[in-house]
Amino acid sequence: MTEQSNSERFLNAFSAIEHEMGRILNIKDHRRFFELVDKSARVNPVIERFRFDLREYSELRNAIVHDRAGGEIIAEPNNEVVHSIERIAALLLEPPKVAPLFLKEVLSLKASDPVSKAVRAFSRFSYTQAPVIEEEKMVGLLTSNMIVKWMGISLADESFDIDKTTVGDVIKVVGHEKEYEIVPVTRPLFDIPDLFYSWQKKGRKLEAVLITQNGQKDEPLLGIITNRDLPQIHRELGQNGKEQQADEQ
């Protein structure tokens, strides 16, 4: 089998992206690539992230396909460009999910556990949150911030007892806000950064994204994603294109 040239690989990936954008938008007739990118970016996170790269690749595609001398291709993309557009095509056609990357054993606490156990666990593993389980169902999320609030209140009214006070007591004293999201194992990985950012826009902090089989809180926890996992997600998604550079400026 003859090895494909860089231009052939580039054009194959470009065609796959173009076809998928048409499918996403349910467009049957021919549209300019720029138009497909702009419209697809509104509904597809992969196109939205890489839309600047795709615009540049559209110009390169025109040079390869339209600007020919004697029928010969006069623009041969380099390896970096080919790998990049093939990566975008792969992300678009088969978007990675939260599973299996973030499936792992999750540190959880019982509502009846003493606060001292939670503090020791947080300190040992450098965690700042843990799901609270009661009768095999998730009833809340304990955070280090909640423990600090409880300490302030209990010290003020001289009721501080880290061994006798339970995790459930802490939640009752400081109150509980839903500072987490539960997603199924099939949730696209591209959605996760947007979840954290959407909470930030509302002036709130998303403490954790919890993973269960179908995204239900009465299911066993299969994994957890926190803010400190975001760099790994960005690396996994290959977000090193012009779009990311523009966002950072």
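The values are calculated or read from the model by the stated rules, or taken from the named source; none is laboratory data. Keep in mind that what you see is a predicted model, and the values were worked out from it rather than measured. No Cβ is skipped: glycine too gets one built from the backbone with ideal geometry, and neighbour counts run over all protein chains shown. We work out accessible area using only protein heavy atoms, side chains counted, and drop any ligands, DNA or RNA first. Shrake-Rupley method; radii C 1.70, N 1.55, O 1.52, S 1.80 Å.
Name the single residue that is most open to solvent (accessible area, probe 1.4 Å) among those in region 118-129 being without any contact (Cβ under 8 Å) to a residue 40 or more places away in the chain and in a helix (DSSP H, G or I).
Arg124
Of all residues in region 9-48, which are of a type in the set (Asp, Glu) and closer than 16 Å to Glu59 by Cα?
Glu18, Glu35, Asp38
Restrict the check to region 227-249 and report whether at least one residue is under 12 Å from the mean Cα position of the chain (by Cα), among the hydrophobic types (A, V, I, L, M, F, W, C) and at pLDDT 95 or above.
Scanning region 227-249, I find no residue that is under 12 Å from the mean Cα position of the chain (by Cα), among the hydrophobic types (A, V, I, L, M, F, W, C) and at pLDDT 95 or above, so the answer is no.
Can you go through Val106, Val139, Val132, Val148 and tell me which one is in a helix (DSSP H, G or I) and either open to solvent by 30 Å² or more (accessible area, probe 1.4 Å) or touching a residue at least 24 places away in the same chain (Cβ under 8 Å) (or both)?
Val148
Kindly establish whether Ser154 is free of Cβ contacts under 8 Å to residues at least 24 places away in the same chain, under 28 Å from Val119 (Cβ atoms) and surrounded by 18 or more Cβ atoms within 10 Å (Cβ to Cβ).
Here the answer is yes, as Ser154 does meet what is asked.
List pairs: first in region 38-66 and aliphatic (A, V, I, L, M), second in a helix (DSSP H, G or I), Cβ under 6 Å, 6+ apart or cross-chain?
Close Cβ pairs (under 6 Å, with a partner that is in a helix (DSSP H, G or I)) amount to Ala41/Ile47; Ala41/Glu48; Ala41/Arg51; Val46/Leu91; Val46/Leu92; Ile47/Ser40; Leu54/Val37; Ile64/Ser7.
Among the listed residues Arg120, Arg87, which satisfies the condition of being of a type outside the set (A, V, I, L, M), within 30 Å of Lys164 (Cβ to Cβ) and out of contact with any helix residue (DSSP H, G or I) (no Cβ under 8 Å at 6 or more places or on another chain)?
The unique qualifying residue is Arg120.
Might you let me know whether region 198-205 holds any residue that is among the aromatic types (Phe, Trp, Tyr), assigned to a helix (DSSP H, G or I), on the phi < 0 side of the Ramachandran plot and open to solvent by 70 Å² or more (accessible area, probe 1.4 Å)?
No: region 198-205 contains no residue that is among the aromatic types (Phe, Trp, Tyr), assigned to a helix (DSSP H, G or I), on the phi < 0 side of the Ramachandran plot and open to solvent by 70 Å² or more (accessible area, probe 1.4 Å).
Criterion first (at pLDDT 90 or above, under 30 Å from Lys117 (Cβ atoms), open to solvent by 20 Å² or more (accessible area, probe 1.4 Å) and not hydroxyl-bearing (Ser, Thr, Tyr)) does Lys164 satisfy it?
yes
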